[in-house]
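Student: I am attaching a structure below and will ask some questions about it afterwards.
The values are calculated or read from the model by the stated rules, or taken from the named source; none is laboratory data. Since the model is a prediction, treat every value here as computed from it, not as a measurement. Using ideal geometry, Cβ is built from the backbone for each residue, glycine included, and neighbour counts are taken over all protein chains shown.
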Amino acid sequence: MRSLAQSNRRRRLSPFGSSRNRAARAGLLFLAPAVLGVAALVFWPLVQAVWQSMHKTPSGFSSASEFVGFANYIDIVSGNSFFFLIVNSFAWTLFVVVGQNVMGFLFALAFNARWQLSGILRAIIILPWVLPGVVAAVLWRFMYDPQLGLISSVLERLFGPELGRSQFLADTNTALAAVIVAAIWKGFPFAFLIYLAGLQNVDRSQVEAATMDGARFPRIVLSVIIPSMRPVIALTLLLTAIFTFNYFDMIWVMTKGGPLNSTHIFPTFIFQTGFGQFNFEMAAAYGVLAFALLLILLVPYLRHSLKSERDED
Amino acid sequence: MNQRASIQNRVFQVLITATVAMPLVWMLGVALKPSSEPFSSPAQLWPNSITFDNFLSSWRPEFQTYFLNSLIVSFATVTISVLLGLLGAYGLLRSPRKIRWLVYPALLMGQMVPAASIIIPIFAMVRNLGLIDTHLALILAYIALTLPLSTVMNYAFMRSIPKDVIEAATVDGASTFRIFFQIVLPLSVPAVVATGVWLTVVVWQEFLFALAMTTSQSMRTLPVGLNDFIGQYGIRYGELMATSIVMSVPVVILFLFLQRYFVQGLLSGATKG
């Protein structure tokens with residue numbers, strides 16, 4: 001009804017009065033600074049990254065960079081760093097996302113029922129997520145310290161000194177798992193908060209009906225709660241995956257991508273290539289590849305967000 | 001779906017919280033441990049006696065410089081980004097459908113562009129402008145990181161203003177500018193606060209750009225400074241942990257203050273899909 005009235009009004013005004021045009025122009029005036037800013041500082045750099053990635057600076061100080069087409073990409077794909085980057089990024093993103101979401105969901109189920117301390121307990125439980133990334137990373141680096149760290153002490157008490165003295169961050173077999181555990185702890189409260197909010201909208205009468213029918217709690221979670229929260233779960237998985245794929249702080253502070261590249265993911269490798277080896281063209285190429293890979297996650301995210309925008313439009 | 005917690009559930013909730021918070025308790029314990037008390041191995045969760053010495057010595061001159069740099073950069077970025085985002089959100093709201101459907105997806109996309117994918121060109125740009133190792137370099141980079149998000153957040157809040165209010169004013173002949181200043185702006189105060197706090201939390205802890213674009217110690221921000229401390233401090237973990245805590249306190253307080261808005265936003269944002 002509203003849209004009909006709206007379009008009538010539009011039709012009435014547009015042929016003669018310029019007031020509508022003036023309003024549209026004024027709207028664009030408000031929009032312009034933000035659009036120009038985003039274009040100049042986000043999308044133009046993205047275009048430039050593609051351009052830079054197609055150049056190469058020959059060795060020698062005074063030499064200018066020359067156009068080489070896709071040569072950098074061919075180097076990357078045929079070299080061995082690409083393989084471990086893909087494997088590490090995939091494992092890192094997968095395990096961190098699954099860990100954060102499973103933990104966030106289960107904790108949300110546990111915290112759904114309220115009592116006097118609910119507010120304060122929730123404030124404490126989201127602290128890891130609120131903590132600056134570098135602080136969490138420094139803390140976990142210290143947690144894994146083989147002599148003084150909390151983790152080694154707990155393990156030593158439980159399983160004896162051999163496991164307790166392990167250098168988790170210095171061992172290529174355990175370093176990636178160690179940073180994944182730290183990242184799960186750091187980021188799970190985001191999923192926790194969303195799932196806690198989502199649980200508010202689960203239809204209580206359905207849960208009660210299932211309980212009357214004699215369904216046990218795990219059954220109710222699987223057949224009633226999860227299906228009705230499907231859109232929330234999908235969005236949370238996408239968001240945490242995008243954040244995790246791009247997350248630099250934790251790994252850089254804890255391991256700098258080492259030992260022997262075993263914890264390098266795209267952001268850390270790009271930083272090292274660009275600002276450690278000053279190979280800007282190659283770093284740009286890795287950046288473009290990272291963005292291209294991220295599109296796998298970005299496209300469904302955009303579709304999801306635009307769908308809800310269209311519904312309200 | 002909300003019920004009162006049973007006794008077992010309450011105990012369970014407390015146990016979970018204690019487990020999650022254990023690294024934080026330990027961090028605080030290490031920061032409060034007197035330097036005379038040696039680290040025992042295996043480690044203790046809490047020291048036998050406590051002192052604030054580590055907190056006092058963490059407030060050293062370099063740290064004050066880092067703190068000031070973080071304040072300057074955060075304040076400038078958040079002011080510019082929130083202002084442009086607020087104006088942009090209103091522009092988006094008043095734009096023809098066609099333009100809205102061009103700009104809005106671009107903003108959502110821009111918000112998700114990985115920082116690592118644009119750091120090389122932004123570094124080159126800043127270097128060509130001769131701005132490396134200045135506050136302005138970081139402010140420009142941080143506007144790139146926050147402006148899409150700021151616009152999208154403000155827009156999401158602004159859309160909850162009933163359309164009838166704006167339409168009625170339009171029919172009464174109010175100009176686009178007048179509607180902004182007299183109707184939209186007063187209603188947007190919570191949006192500006194929420195966006196401002198959120199962007200502050202993001203910028204305060206930004207590490208990647210700060211690491212790449214500050215070369216001298218006098219330009220370092222807190223996250224980079226803290227990372228430098230790891231090497232310099234050797235095994236002075238007490239001071240390292242105290243510094244970490246001092247640096248976290250401002251954003252933790254801001255966030256706890258924002259939490260109400262944030263959870264509301266999640267409720268409306270995450271459940272409409």
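Student: What residue, among those in region A:157-194 that are touching a Leu at 6+ places or on another chain (Cβ under 8 Å) and facing chain B (nearest Cβ under 9 Å), is farthest from B:Ala43 (Cα to Cα)?
Tutor: So, considering only residues that are touching a Leu at 6+ places or on another chain (Cβ under 8 Å) and facing chain B (nearest Cβ under 9 Å), the one farthest from B:Ala43 (Cα to Cα) is A:Ile194.
Student: Among the helices (runs of 4 or more DSSP H) confined wholly to region B:150-229, which include 1 or more residues that are touching a residue at least 12 places away in the same chain (Cβ under 8 Å) and away from chain A (no Cβ under 11 Å)?
Tutor: Filter on region B:150-229 gives B:163-171, B:189-204.
Student: Continuing with the same structure: B:Ser70: touching a helix residue (DSSP H, G or I) at 6+ places or on another chain (Cβ under 9 Å), surrounded by fewer than 20 Cβ atoms within 10 Å (Cβ to Cβ) and either assigned to a helix (DSSP H, G or I) or not assigned by TED's automatic domain parsing to the domain that holds B:Ala31 (or both), yes or no?
Tutor: no
Student: Please find, among B:Leu129, B:Leu140, the residue that is of a type in the set (A, V, I, L, M, F, W, C) and either more than 8 Å from every other protein chain (Cβ to nearest Cβ) or over 22 Å from A:Trp51 (Cα atoms) (or both).
Tutor: Matching residue, one of B:Leu129, B:Leu140: B:Leu129.
Student: So, one more: Closer than 22 Å to B:Met27 by Cβ, of a type in the set (Asp, Glu) and modelled with pLDDT under 90, is that true of A:Glu162?
Tutor: Against the criterion (closer than 22 Å to B:Met27 by Cβ, of a type in the set (Asp, Glu) and modelled with pLDDT under 90), A:Glu162 does not qualify.
Student: Right, next: Determine if region A:40-50 includes at least one residue that is facing another protein chain (nearest Cβ under 9 Å), more than 20 Å from the chain's Cα centre (by Cα) and under 30 Å from B:Leu15 (Cα atoms).
Tutor: Looking through region A:40-50, none of the residues is facing another protein chain (nearest Cβ under 9 Å), more than 20 Å from the chain's Cα centre (by Cα) and under 30 Å from B:Leu15 (Cα atoms).
Student: Could you tell me which numbered condition B:Thr79 fails, if it satisfies all but one of (1) within 24 Å of B:Pro186 (Cα to Cα); (2) surrounded by fewer than 20 Cβ atoms within 10 Å (Cβ to Cβ); (3) more than 15 Å from the chain's Cα centre (by Cα); (4) more than 7 Å from every other protein chain (Cβ to nearest Cβ)?
Tutor: (3)
Student: Could you tell me whether region A:158-169 includes any residue that is within 24 Å of the chain's Cα centre (by Cα) and either on the phi > 0 side of the Ramachandran plot or not polar (S, T, N, Q) (or both)?
Tutor: Checked against the condition, which is being within 24 Å of the chain's Cα centre (by Cα) and either on the phi > 0 side of the Ramachandran plot or not polar (S, T, N, Q) (or both), region A:158-169 yields at least one hit.
Student: Between A:Leu150, A:Leu193, which is over 26 Å from the mean Cα position of the chain (by Cα) and buried (at least 20 other Cβ atoms within 10 Å of the Cβ)?
Tutor: A:Leu150
Student: Give all pairs with beta carbons closer than 8 Å in which a residue from region A:215-230 that is in contact (Cβ under 8 Å) with a residue 24 or more places away in the chain meets a residue that is among the β-branched types (Val, Ile, Thr); count only pairs at least 6 apart in sequence or on separate chains.
Tutor: Sorted first by the residue in region A:215-230, then by its partner, the pairs are A:Ile225/A:Val202; A:Ile225/A:Val207; A:Ser228/A:Val202; A:Met229/A:Val202.
Student: For A:Thr240, work out the one condition from (1) surrounded by fewer than 22 Cβ atoms within 10 Å (Cβ to Cβ); (2) in contact with a helix residue (DSSP H, G or I) (Cβ under 7 Å, 6 or more places away or on another chain); (3) more than 7 Å from chain B (Cβ to nearest Cβ); (4) under 30 Å from A:Val207 (Cα atoms) it doesn't fulfil.
Tutor: Unmet for A:Thr240, out of (1) surrounded by fewer than 22 Cβ atoms within 10 Å (Cβ to Cβ); (2) in contact with a helix residue (DSSP H, G or I) (Cβ under 7 Å, 6 or more places away or on another chain); (3) more than 7 Å from chain B (Cβ to nearest Cβ); (4) under 30 Å from A:Val207 (Cα atoms): (1).
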